[in-house]
1. Sorted by mean Cβ packing within 10 Å, highest first, what order do the peptides 116-128, 293-305 take?
2. Please rank C266, C194, fewest neighbouring Cβ atoms within 10 Å first, as an exposure proxy.
3. Roughly how big is segment 231-313's charge dipole about its Cα centre, with Cβ charges of +1 (Lys, Arg) and -1 (Asp, Glu), in debye to the nearest 20?
4. If N is the number of residues in segment 73-204, what value comes out of its Cα radius of gyration divided by 2.2 N^0.38 Å?
5. How large is Rg over Rh for segment 231-313, taking Rg from the Cα atoms and Rh as the Kirkwood inverse mean of 1/r across Cα pairs?
6. Beyond 33 Å, what share of the Cα-Cα pairs of segment 7-226 remains, rounded to the nearest whole percent?
7. Considering only Cα-Cα distances, which of the following residue pairs are longer than 30 Å: K170/K234; K234/K263; K4/K149; K224/K263; K49/K141; K141/K289?
8. Please identify every one of the chymotrypsin sites (Phe, Trp or Tyr not before Pro) in segment 146-244 that sits in a loop by DSSP and has no more than 11 other beta carbons within 10 Å of its own beta carbon.
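None of the figures in this text is laboratory data; all of them are computed from the coordinates on show. Values in this document were obtained by computation on a predicted structure and should not be read as measured data. In this analysis, Cβ positions are derived from the backbone assuming ideal geometry, glycine residues included, and neighbour counts consider all displayed protein chains.
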Amino acid sequence: MGGKTTFYEVVRQRGISRRDFLGFCAMTATYLGLGPDGAGILAHAMQTKPRIPVLWLHGLECTCCSESFLRSGHPLATDIVMSMISLDYDDTIMAAAGDQAEAIISDIIRDYRGAYILAVEGNIPLANDGMACIVGGRPFKHQFDEAAKHAKAIIAWGTCASSGCVQAAKPNPTKATPVHKLVQHVPVINVPGCPPIAEVMTGVISYILTYDRMPELDNQLRPKMFYSQRVHDKCYRRAHFDAGQFVEQWDDEGARQGWCLYKMGCRGPTTYNACASIGWNENTSFPIKSGHGCIGCSEEGFWDRGPFYERLPDMHQWGVESNADKVAAIGAAALGVAVTAQLGATVVQRVFRKRKPEEQAEHKEPTE
């Protein structure tokens, strides 16, 4: 690892100012939830630690994860992202090709055994000896097995690599298999999403570089810092859900008012991701904000969970949110009770005012 330059040295060579560098560290530390000292810790690590060698392999996928990664919304965008790691192999964007490109994998495995990160975009087909995905004249599984065996850690980019995505949807003719099911003795981080959010991807890399360890993971091997809350929990339309205000059909008055999309099939209540808090394209928007329900793309088997525009079945584990219709009915009933009470109070008040002069006359003192 001694031959690798640090992240800071590379960005300075590219003419990036220290102010922009520190701004990147501050923003990344905020996304990672590192606390008030996080920016300083991150900056120190990037100035002192050599860049991490990365092999980025592509299996069955559509390359949307790479497209997302290269469009990180930080002010320094591609310069920062491509300087943070020593991206030694990525057949989508590298200049080398053919045997020259494939030789890089062998060189990294030999020179940095146990010290490089293997990033995998896409899953591995096992049917027909893996002949559904050929790289360099060999089934992708052969390339993957060689690189995975000696990696320091493996990052499974996107839902394809994390849980199979559309390729693994029933009946899964190619036997597309997610990364973690084919790996032993090497830690795996799943970063699902179709594609994952750019800042989530760079955040995971930043954490590993800063602390030289894996982030805390949930039971699906996802970083808790980005996948510990439902989209529903941070959704700006949540208040409408609680109030029983739902879009009933596309472009109705509720849709124009920005009401909850649950009845239109939104998977936000069962999807764990940072979309609602980080957003896409420099936090410009995310699907729900754009008027389309969440399709749950970061959850395992989301392609097999029925049509995207059919509402989820009643989920009684929600407790007070047990049923959208019930919530709406309770809201309507409460409104009805309030209106009735108000009308009743108004009637009583009017009767009282009408009777008051008569009562005053009955109790008036006789005059001399």
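1. 116-128, 293-305
2. Values: C266 29, C194 21.
Listed from fewest to most nearby Cβ atoms, that is C194, C266.
3. 140
4. For segment 73-204, the normalised Cα radius of gyration is 1.07.
5. 0.94
6. Counting every Cα pair in segment 7-226, those more than 33 Å apart make up 13 percent.
7. Working: K170/K234 32 Å; K234/K263 18 Å; K4/K149 22 Å; K224/K263 28 Å; K49/K141 32 Å; K141/K289 39 Å.
Over 30 Å apart, Cα to Cα: K170/K234; K49/K141; K141/K289.
8. In loop regions of segment 146-244 (DSSP not H, G, I, E or B), the sparsely surrounded chymotrypsin sites (Phe, Trp or Tyr not before Pro) are Y236.
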